[in-house]
Number of protein chains: 2
Amino acid sequence: MKPTGPIPPYFEADADSQLLIGGVSAEELVADAGGTPLFVYDNNIVGAQIASLKAAMPDGLAIYYSVTANPYEPLLNFLGRYVDGFRVVSLGELNHLKRAGLAGIGMTFAGPGKGDDELERGISAGATISVESEGEAARAIRAGERAGIRPKLAVRVNPPFSIDSRGLTLGARPTPFGVDAERVPSLVEGLLDAGVDWRGLHIFAAAQCLDDSALIEAHKAIISCAGDICRSLDRPLPELNLGGGFDVPCFAGEQPIDIYRLANALHETVRNGPELLATTRLSLELGRWLVAECGVYLTRVLDRTESCGETFLTTDGGGHHLLGATGCLLERGRGNFPIAVANKFGTPAEEQVTVTGCLATPHDIFGDEVMLPPAEVGNLIAIFCAGAYGLSASPQGWESRPSAREMLV
Amino acid sequence: MKPTGPIPPYFEADADSQLLIGGVSAEELVADAGGTPLFVYDNNIVGAQIASLKAAMPDGLAIYYSVTANPYEPLLNFLGRYVDGFRVVSLGELNHLKRAGLAGIGMTFAGPGKGDDELERGISAGATISVESEGEAARAIRAGERAGIRPKLAVRVNPPFSIDSRGLTLGARPTPFGVDAERVPSLVEGLLDAGVDWRGLHIFAAAQCLDDSALIEAHKAIISCAGDICRSLDRPLPELNLGGGFDVPCFAGEQPIDIYRLANALHETVRNGPELLATTRLSLELGRWLVAECGVYLTRVLDRTESCGETFLTTDGGGHHLLGATGCLLERGRGNFPIAVANKFGTPAEEQVTVTGCLATPHDIFGDEVMLPPAEVGNLIAIFCAGAYGLSASPQGWESRPSAREMLV
């Protein structure tokens, strides 16, 4: 028996032990959607995450949603009512925002490898371009000239520090992400001389991080680094984008980030921070933390087999929809995502089974030797924490299988 | 400096050091296709692989192409002239064959998690269904009744051995892939009693394997296992599908499989093999080995930057098209795929650079600290061994970026 990640605290069952999502049973949602596999996103959970973040964080701190985490347009439309803007990294993401009715909203356009066309269309759409290199800055200025628009440019900084944490650590090493900190002042002076609308700095130091202390250290170091750059420029900083990097617990033993602890430390750091940052707008860009827990992936059991004394449930889903929850292409070092039998939610977990997807690879496993209530062919399996980096981060064309359905409730 | 995998021996340059694919320069191919990123597949290379395999292997051995490796329809159409059939694992793959003009060709339909509709449509299309469990066998019989067709069924066996190799090893452990060998005779007797057209056994023991000796051992063990099952049934075996699992060298230091050595050993094993297999049709199912080397992924340099003293080339491609060649989601334990500057093919590799894709993740690396001829913005980068598990095995929706183009030459 191997453990599973914690089911987010928002979910409960009805009197018949049917999992409810947004107050509706999983079976009813599947019937409404027309079948499985199905991603259901509960907007109340997204709303609760945003509300708790806003309550904790300093007044005036801007919250941006990173579209890459989940570009489902009804979800973007919902988020548009509550966040201060969006982070996009491609024209495709920009077009998702337009189709979600959010053409006029604040946007930062980030990421390396922006083509000339992307720069021009991003500038035309009013986005702040986060330039990753001197070469890209020069191309952005020319793109603004072509568009006849004074471009809004921020500078992504490759900071001279890195943070020790279990997550993905960025900074203090050679990278195509951002300009080495010591070259930033001269780049910004060049931008100001060229007459662009300089919008500030982006400095990220972590991703997929659950370690409060590491994030607090990262924020301190980012603010100190930004202060150094501003002193060198001898001018105040319009905006400092602290990046994101907040993860949610998906695996056994993981603990959620303490947002209040983070926020208190950020208050403190800002209060004691560099004078030139006193009027700076702070911003956070979050993806996974805002939407991962709102999503449930529902897949139906197609077969129940025995092999070498173990029981397998084969479902109609798989890593082509939710790669991160399977062992496909990934080491399973972190274990099993939270998983349940949706038709027997909260009933005793009396049986050890391995729950697989339908792909013809032995890595396509959602639940490796997990304890669940006894499930039969036709039952629904629910995989939680499926709201971020699901469909769009999975190889949907693998084995030429149908895409999953999606639904916002 | 880190090494790269070997460029397949089929590629050369013209007098201007332009990489030729199928006799045409990479730049011309990109112009014909309308831009980058572009997958080019050279049918002469596929033809050469098939010809060498047929020359080596025993007469009458059937070669099936595993559509999952690359479902590009013009490539399927080309393959249809030379292979004995196709392996599909989904209705989507079956439909690719139909659209490629191959509706009547031999097919095996394999993989766990086949739905009732898939079984019925597979049987109606004339495919041999490789059943993975007793439950699936029962559903396949019912699907044949619904379709009014006597179903052709083979049985996938979970063999009682495993092969020690560097590749992916299957068998001798609990799995949803196939029926434990000791239960196979009674399952086959049940199928015969039910009046199905029993087509034989599928026994796979390896995947992604470059180890001749391990494959030879696997074939011996498979034939022995099949012999045991036939003795228990006391009847000859119509067909024995040996699976596939032949890899090609993609990383530094890897050596190609010696097809002649494999074939000689297989001849020997069959000659000395069980009497009940004397009339058995042998078959191999190959994907990667047939098509990986025919493919080149072409992507254009968008930016050239320096960071902490190192040089980065950022391209317009990425792991959303060719996940296996990047570090995205995968450990980079095996290193760099073969890579070249297509406009300077065969010229001296005088510069150490890191070649990245355009995705906003630090794992999106095609060439990590590789030596290449000095490349500029606008040059084409070629990544080889891109003909298998490329576009269809990659998260094409990641960051909502455009798909790659594809072309058969």
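The values are calculated or read from the model by the stated rules, or taken from the named source; none is laboratory data. Since the structure is predicted, the reported quantities are computational estimates derived from the model, not experimental observations. No Cβ is skipped: glycine too gets one built from the backbone with ideal geometry, and neighbour counts run over all protein chains shown. Ligands, DNA and RNA are stripped out before the accessible areas are found, and what is left, the full protein with its side chains, is counted by its heavy atoms. Shrake-Rupley method; radii C 1.70, N 1.55, O 1.52, S 1.80 Å.
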Under a 5 Å amide H to amide H cut-off, with H placed in plane at 1.01 Å, what residues pair with residue B:131 once short-range neighbours are removed? B:154, B:155, B:156
With a 1.4 Å probe and all protein chains kept in place, how do B:316, A:234 rank by accessible area, largest first? A:234, B:316
Residue by residue, what Karplus-based ³J(HN,Hα) values in Hz, rounded to whole numbers, does the range B:216-222 have, using 6.51, -1.76 and 1.60 with θ = phi - 60° and x for Gly and Pro? 4, 4, 4, 4, 4, 5, 5
Between residue B:282 and residues 5 or more places away or on another chain, which pairs have amide H atoms under 5 Å apart, with H built 1.01 Å from N, and which residues are they? B:62, B:240
Among A:215, A:11, A:91, pick out the residue whose Cα is farthest towards the positive end of the charge dipole of the protein assembly as shown, where Lys and Arg carry +1 and Asp and Glu carry -1 on C-beta, about the Cα centre. A:91
Could you work out the relative contact order of chain A? I mean the mean sequence separation of Cα pairs under 8 Å and 6+ apart, divided by the number of residues, in percent. 23
Given labels modelled 7 Å from the Cα in the Cβ direction, how far is it in nm from residue B:124 to residue B:371? 6.0
Note down the accessible area of residue B:66, probe 1.4 Å, to the nearest 10 Å². 10
Carbon plus sulfur fraction of accessible area for the range A:43-291, probe 1.4 Å, in percent: 46
Taking a cut-off of 23 Å between Cα atoms, list the lysines near residue B:98, but don't count ones fewer than 8 places away on the same chain. B:114, B:152
Give me the tail of P(r) for the range A:238-290 as a percent: Cα-Cα pairs with distance above 12 Å. 73
Between chains B and A, what is the buried accessible area in Å², counting both sides, with a 1.4 Å probe and ligands, DNA and RNA left out, to the nearest 100? 4300
In nm, to one decimal, how far is the residue B:2 label point from the residue B:51 one, both placed 7 Å along Cα→Cβ? 3.7
Across the range B:35-49, in residue order, what do the Karplus-derived ³J(HN,Hα) couplings come to in whole Hz, using 6.51 cos²θ - 1.76 cosθ + 1.60 with θ = phi - 60° and x for Gly and Pro? x, 9, x, 9, 8, 10, 10, 9, 5, 5, 6, 4, x, 5, 5
Could you state the accessible area per residue of the protein assembly as shown in Å², with a 1.4 Å probe and every protein chain left in place? 35
To the nearest 0.05, the calculated FRET efficiency linking residue B:59 and residue A:149 through their beta-carbon distance, R0 being 60 Å, is 0.30
Looking at the square roots a ≥ b ≥ c of the eigenvalues of the Cα gyration tensor of the range A:43-291, which shape do they give, rounded for a/c under 1.5, prolate if a/b is larger than b/c, or oblate? oblate
Compare A:180, A:16 by solvent-accessible area with a 1.4 Å probe and give them largest first, with all protein chains kept in place. A:16, A:180
Net dipole in debye of the protein assembly as shown [+1 Lys, Arg Cβ; -1 Asp, Glu Cβ; about Cα centre; nearest 20]: 820
What share of the DSSP beta bridges in chain B is antiparallel, in percent to the nearest 5? 45
List the residues of the range A:354-370 for which accessible area in the full set of protein chains is at least 30 Å² lower than for the chain on its own; 1.4 Å probe, protein heavy atoms only. A:360, A:362
Using the Karplus curve 6.51 cos²θ - 1.76 cosθ + 1.60 with θ = phi - 60°, what ³J(HN,Hα) values do you get for each residue of the range B:302-313, in whole Hz, with x for Gly and Pro? 9, 8, 10, 10, 10, 8, 6, x, 10, 9, 10, 10
How much accessible surface does residue A:202 have with a 1.4 Å probe, in Å² rounded to 10? 10
What is the gain in length, in nm to one decimal, between residue B:352 and residue B:403 on full extension, counting 0.36 nm per residue of separation less the C-alpha to C-alpha distance? 15.4 nm
Taking a label point 7 Å out from Cα toward Cβ, give me the nm distances from residue B:260 to the same spot in the other copies, shortest first, one decimal. 7.6
Under the classification rounded if a/c is under 1.5, otherwise prolate if a/b is larger than b/c and oblate if not, where does the range B:1-151 fall, given a ≥ b ≥ c as square roots of the Cα gyration tensor eigenvalues? prolate
Which of the lysines could be linked to residue B:220 by a straight reach, that is with a Cα gap under 25 Å, when you skip same-chain ones fewer than 8 residues away? B:54
Inter-copy label distances at residue B:135 (7 Å, Cα→Cβ; nm, one decimal): 5.5
If ligands, DNA and RNA are left out, what is the accessible area of residue A:73 with a 1.4 Å probe, given in Å² to the nearest 10? 50
Kindly provide the helix-only [θ] at 222 nm of chain B, computed as the sum of -39,500 (n - 2.57) over DSSP H runs of four or more divided by all residues, to the nearest 500 deg cm²/dmol? -8000 deg cm²/dmol
With the label 7 angstrom out along Cα to Cβ, how close does residue B:186 come to the same site in each of the other copies, in nm, nearest first? 8.0
Order B:219, B:96 by their accessible area, 1.4 angstrom probe, all chains in place, largest first. B:96, B:219
Apply the a/c threshold of 1.5 to the C-alpha gyration tensor of the protein assembly as shown and tell me whether it is rounded, prolate or oblate. oblate
